[in-house]
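**Student:** Have a look at this one.
The values are calculated or read from the model by the stated rules, or taken from the named source; none is laboratory data. The model shown is predicted, which means the values in this text are computed figures rather than measured ones. Here the Cβ positions follow ideal geometry from the backbone for every residue, glycine too, while neighbour counts run over all protein chains shown. Just the protein is used for accessible areas: all its heavy atoms, side chains included, with ligands, DNA and RNA removed. Shrake-Rupley method; radii C 1.70, N 1.55, O 1.52, S 1.80 Å.
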Amino acid sequence: MIHRTRPLVAGNWKMNGLRESLNEAASICKAVAAGGAGKAEIVVCPPATLLMAVTAICEGTKVGVGGQDCHAEASGAFTGDISAEMLKDAGATYVILGHSERRAGHHETNEQVRAKAKAALGAGLMAIICVGETRAERDAGGALAIVGKQLASSIPDNSPPGRIVIAYEPVWAIGTGFTPTPQDIAEMHGFIRERMNQHLPGQGANLRILYGGSVNPANAAQLLSVEDVDGALVGGASLSCAEFMAIAGVYR
Ligand code: PGA
């Protein structure tokens, strides 16, 4: 496997995890310190309630922490929301934006995702911006067009180099056990790199493009060896240190 940039394996805990899950975070830190992730960068994105506790556990280790969403404004009367500044203040260095569960469940538009990404970059966070087509869109032959539109409208222009990560997550692959073929992933990741090189001139080659959607210990080696795949965004399998590290261990 030849990598232009340091691969990234990020765990998205979604709305999962109580205080007892802090043990998993501590185990992940230990496993990474022991070299379990090789050259890969590891990030854990817990629910907001655990964010500060997880950053305390990860402080001084090689494991980064991320939020799962942020508001486009820095502060104000937005009940229930969390700003990029707050994530940064809590010790996060990353934030996941535009996840399909937010696009579908909270009706987030590409334009809102872009505004959130601008806020994240402004707060000094790295933004993992998710894109991906539905099954119907793929079956209709429209996957590239949909992802192209999401990229064009969700990624802020003039993003500083290295601060944006794209996660290609086909909606139909998330939490389903289904994954695209390596050929389909290679095609999409190559397309994303080409589009992003136009969108952020000169940044395409070093851009990290993660694959996400039903990554597990059994399929990680194959999925992560696909051309133009620079890491993974892992949902369900990131809740267990053993499974998450078995995935990250591909980079050992
Ligand atoms: P999954 O989720 O690994 O459980 O399919 C991935 C994601 O939604 O980020």
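**Student:** So, in Å, what gap is there between the alpha-carbon centers of the stretch 47-68 and the stretch 180-221?
**Tutor:** 26 Å
**Student:** Out of the chymotrypsin sites (Phe, Trp or Tyr not before Pro) in the stretch 1-110, which ones are loop residues according to DSSP with at most 13 other C-beta atoms within 10 Å?
**Tutor:** Those that pass, being in a loop and sparsely packed, are PHE78.
**Student:** On each of the three principal axes of the Cα atoms of the chain, give max minus min coordinate, whole Å, ordered largest first.
**Tutor:** Principal axes ranked by extent give 45, 44, 33 Å for the Cα atoms.
**Student:** Between THR49 and THR93, how many nm apart are label points set 7 Å from Cα along the C-beta direction?
**Tutor:** In this crude spin-label approximation the distance works out to 2.7 nm.
**Student:** Using the Cα centre of the chain as the reference point, and only Cβ charges (+1 on K/R, -1 on D/E), how large is the resulting charge dipole? Debye, rounded to the nearest 20.
**Tutor:** Computed about the Cα centre, the dipole is about 440 debye.
**Student:** Using only DSSP helix segments of four residues or longer, with each worth -39500 (n - 2.57), what per-residue ellipticity at 222 nm results for the chain after dividing by its residue count and rounding to 500?
**Tutor:** It lands at -10500 deg cm²/dmol.
**Student:** What is the dipole size for the stretch 39-126, taken about its Cα centre, with +1 at each Lys and Arg Cβ and -1 at each Asp and Glu Cβ, in debye to the nearest 20?
**Tutor:** Charge dipole, the stretch 39-126, about its Cα centre: 260 debye, nearest 20.
**Student:** Right, something else. Between GLY35, THR181, ASN110, whose Cα lies farthest towards the positive end of the dipole of the stretch 8-251 when Lys and Arg beta carbons carry +1 and Asp and Glu beta carbons carry -1, centred on the Cα centre?
**Tutor:** Result: GLY35, furthest along the dipole toward the positive end.
**Student:** Could I ask something else about it? In the structure displayed, which of LYS14/LYS149; LYS30/LYS118; LYS39/LYS88; LYS30/LYS149 lie more than 29 Å apart, Cα to Cα?
**Tutor:** LYS30/LYS118; LYS30/LYS149
**Student:** A further question on this structure: Along the principal axes of its C-alpha atoms, what lengths does the stretch 141-204 span, in descending order and rounded to whole Å?
**Tutor:** 36, 20, 18
**Student:** Hey, what's the Cα Rg ratio for the stretch 5-87 versus the globular rule of thumb, 2.2 N^0.38 Å?
**Tutor:** Compared with the compact-globule rule of thumb, the stretch 5-87 sits at 1.17.
**Student:** Residue by residue, what Karplus-based ³J(HN,Hα) values in Hz, rounded to whole numbers, does the stretch 31-48 have, using 6.51, -1.76 and 1.60 with θ = phi - 60° and x for Gly and Pro?
**Tutor:** Karplus values, whole Hz, x for Gly and Pro: 5, 5, 4, 7, x, x, 10, x, 8, 6, 7, 10, 9, 10, 10, x, x, 4.
**Student:** Write down the Kirkwood hydrodynamic radius of the stretch 96-159, to one decimal in angstroms, obtained as one divided by the mean of 1/r over all alpha carbon pairs.
**Tutor:** So the Kirkwood estimate lands at 12.1 Å.
**Student:** A follow-up question, please. Can you give me the accessible area per residue for the chain, using a 1.4 Å probe, in Å²?
**Tutor:** 43 Å²
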